[in-house]
1. Let me confirm the definition first: pairs of Lys residues in segment 19-124, 8 or more apart or on different chains, C-alpha distance under 24 Å. How many are there?
2. Starting from the eigenvalues of the Cα gyration tensor, five times each then square-rooted, give me the equivalent ellipsoid semi-axes of the chain, largest first, whole Å.
3. Please report, as a whole percent, how much of the solvent-accessible surface of the chain comes from carbon and sulfur atoms (probe radius 1.4 Å).
4. In terms of the Cα gyration tensor, with a ≥ b ≥ c the square roots of its eigenvalues, is segment 1-45 rounded because a/c is under 1.5, prolate because a/b exceeds b/c, or oblate?
5. Amide H to amide H, which residues 5 or more places from Gly31 or on other chains are under 5 Å from it, using H placed in the peptide plane?
6. Along the charge dipole of the chain, pointing to its positive end and built from +1/-1 on Cβ of Lys, Arg, Asp and Glu, which listed residue (Leu77, Leu50, Leu116) has its Cα farthest out?
7. Please give the contour-minus-distance gain from Lys26 to Lys88: 0.36 nm per residue of separation, less the Cα-Cα distance, rounded to one decimal in nm.
8. Using each residue's phi in segment 75-82, evaluate 6.51 cos²θ - 1.76 cosθ + 1.60 at θ = phi - 60° and report the 3J(HN,Hα) Karplus result to the nearest Hz, with x for Gly and Pro.
Amino acid sequence: MKLIVVDDSSTMRRIIKNTLARLGYKEVLEGEDGVQGWAVLDANPDTGMLITDWNMPEMNGLELVKKVRADDRFTDLPIIMVTTEGGKAEVITALKAGVNNYIVKPFTPQVLKEKLAAVMGIDG
Ligand SMILES: [Mg+2]
């Protein structure tokens, strides 16, 4: 399964990619902001999951999620938001925009594993 990781921090992208690799997901594409993330997804509509940061330049993660959900190809695409914005209001805003699950930084590989499993509907 192909995944896309969108974050303006190359360190965070590497951490997420390494965790995904350990979980067996090797085909991971990247974007460093919402504009890039959208371009990568648009070019790879067979992507199975989008993992995105919230705070990014150009187009932030919330705007990206709304853009993705507005496209008929991606209404069912699983989306996980990984962010420092862990307040209740932010979580609700993200869920309303169409995020399937939410991870607050900093997080452990175990948390990412569990959220992925929950979104995929498999045992973590
Ligand atoms: Mg960021």
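1. The number of close lysine pairs in segment 19-124 is 20.
2. Details: eigenvalues 66, 56, 44 Å².
Working through the eigenvalues yields semi-axes of 18, 17, 15 Å.
3. On the way: 3050 of 6190 Å².
Carbon and sulfur atoms account for 49 percent of the accessible area of the chain.
4. On the way: a/c = 4.03, a/b = 1.26, b/c = 3.20.
Oblate, since a/c reaches 1.5 and b/c is not below a/b.
5. Result for Gly31 returns Val5, Val6, Asp7.
6. Positive-most Cα among the choices belongs to Leu116.
7. Numbers: separation 62, 0.36 × 62 = 22.32 nm, distance 3.28 nm.
Using 0.36 nm per residue and subtracting the Cα-Cα distance, I get 19.0 nm.
8. In residue order, the calculated couplings are 5, 9, 5, x, 10, 10, 9, 10 Hz.
The values are calculated or read from the model by the stated rules, or taken from the named source; none is laboratory data. Not measured: the values here are computed from a predicted model. Reconstructed Cβ throughout: ideal geometry from the backbone, glycine too, with neighbour counts over all protein chains shown. In case anyone asks, the SASA skips ligands and DNA or RNA and just uses the protein heavy atoms, side chains included. Shrake-Rupley method; radii C 1.70, N 1.55, O 1.52, S 1.80 Å.
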